[in-house]
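Below: one structure, written as structure tokens.
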Number of protein chains: 2
Amino acid sequence: MKHRIITISREFGSGGRTIGRMTAEELHIPCYDEELIDTIVQKSGFDKEYVKEYGEYAPGSNWLSLALANRDYSGRSLQDDLWSIQRSIILDLAEKGPCVIVGRCADYILRDTADCLKVFIHASMEKRAQRIVSVYGEREDAPETRLRKKDKSRRAYYQYYTDTAWGDIRSYHVALDSGVLGIEACVRIIRQLYENNLS
Amino acid sequence: MKHRIITISREFGSGGRTIGRMTAEELHIPCYDEELIDTIVQKSGFDKEYVKEYGEYAPGSNWLSLALANRDYSGRSLQDDLWSIQRSIILDLAEKGPCVIVGRCADYILRDTADCLKVFIHASMEKRAQRIVSVYGEREDAPETRLRKKDKSRRAYYQYYTDTAWGDIRSYHVALDSGVLGIEACVRIIRQLYENNLS
């Protein structure tokens, strides 16, 4: 039997992770985000920072060349290994029971195997900049620069491993502007759709 | 004072027009769709079929060259005149009071002047094909061919007059897959967001 899963893809700084956690709490189902990273670390033996950085982002202009180079005799790279481990963990979680999974291409990975409500959360550059400064504090780079880098590397990672465009409106059952609608309204909509079994 | 407006952009065959009508009925506010076309016909003197075809679509591969050629001494084409008339009617309607406006780049036209909830409705090719056959009947072209033509010409029109991409996820406060969620769920979400003044 297929369990009902919610996948949340999100722009960095849009509050998508918070929306995922709140929705899961209200629905009394687990939310896999930080826990997912911990499980990947345990099963892969990779360093946590490596998993955080390379399991969802293609950081730096040399990521693609690294992913294509650094291959063993079978033609696989470390990045490919991390992708495979993440993928199998996400498939296992979806088998276990209803849950919310934040990021990590779960929408794509579960496209044929789970009963998913696929959500995308976005917000304007201005709102996201305010949010990352309030959540993560000031950094050397301006918040807009940090956001552009994150967007670019997340998009590149998604495109490389799924061969589809990240943030294409047609890939999601519901896409919400959290900056305009607010976190609570987003949670309410997702919860209602899930409870009404509308996907 | 700015009135609350709902703009509905939609893929052809996604049921966006029906969703607009039902939402307006439930909110007891007018829905401008067919009436908008009639007003444009009255004010412009253009033929109704011309307004339907050229006020939202860039049909045929020669549309762009026609829009760029066929210009009078001031450099304007008939297509530009139709765009200007549509634009001013939409701005007037938004001044009059709360309403739902379906299509015709209203989201873009009202971006700075109205308090808008901007909605995009889409659905899979398969669901839209089923819908257009049931609503409009069989035609010479296969439904998928008709949909691809409509998508292409609507996208071209929007891009030409707004200089922004049609269906870009970041342009809408809420985007919904009506084929998966169903018409009623879409209406409920839009109505709730409007009633809660969340935009």
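The values are calculated or read from the model by the stated rules, or taken from the named source; none is laboratory data. Just so you know, these numbers come straight off a predicted model, no measurement behind them. Note that each Cβ is placed from the backbone with ideal geometry, even for glycine, and that neighbours are counted across all protein chains shown. Just so you know, the surface numbers come from the protein's heavy atoms only, side chains and all, with ligands and any DNA or RNA stripped out. Shrake-Rupley method; radii C 1.70, N 1.55, O 1.52, S 1.80 Å.
To the nearest whole number, what is the average tally of beta carbon atoms from other chains within 10 Å of the beta carbons of peptide A:183-195?
Values: counts 0, 2, 8, 2, 0, 5, 8, 0, 0, 4, 6, 0, 0.
Rounded to a whole number, the mean comes out at 3.
Keeping the other protein chains in place, figure out the carbon and sulfur percent of the accessible area of the protein assembly as shown, with a 1.4 Å probe.
Within the protein assembly as shown, the accessible surface is 49 percent carbon and sulfur.
One decimal, nm, shortest first: give the distances between the label point of B:LYS43 and those of the same position in the other copies, each label point 7 Å from Cα along Cα→Cβ.
5.9
Is any helix in chain B, taking whole DSSP H runs, at least 24 angstrom long along its axis by alpha carbon and on average at least -1.0 on the Kyte-Doolittle scale, and which ones?
B:78-96
Rounded to the nearest 500, what is the 222 nm mean residue ellipticity of the protein assembly as shown from helices alone, with -39500 (n - 2.57) per DSSP H run of 4+ residues and division by all residues?
Calculated mean residue ellipticity at 222 nm is -16500 deg cm²/dmol.
List the distances, in nm and shortest first, from the label point of B:GLU184 to the matching label points in every other copy, placing each point 7 Å from Cα along the Cα-to-Cβ direction.
2.8
Given label points at 7 Å from Cα along Cα→Cβ, what nm distances, shortest first, separate B:GLY137 from the same residue in every other copy?
Reported distances to equivalent positions: 7.0 nm.
Rank-order B:122-130, A:135-143 by packing density, defined as the average count of other C-beta atoms within 10 Å over each peptide's residues, highest first. It would help to have the intermediate numbers written out before the result.
On the way: B:122-130: 18.3, A:135-143: 10.8.
Going by the mean number of other Cβ atoms within 10 Å, highest first, we get B:122-130, A:135-143.
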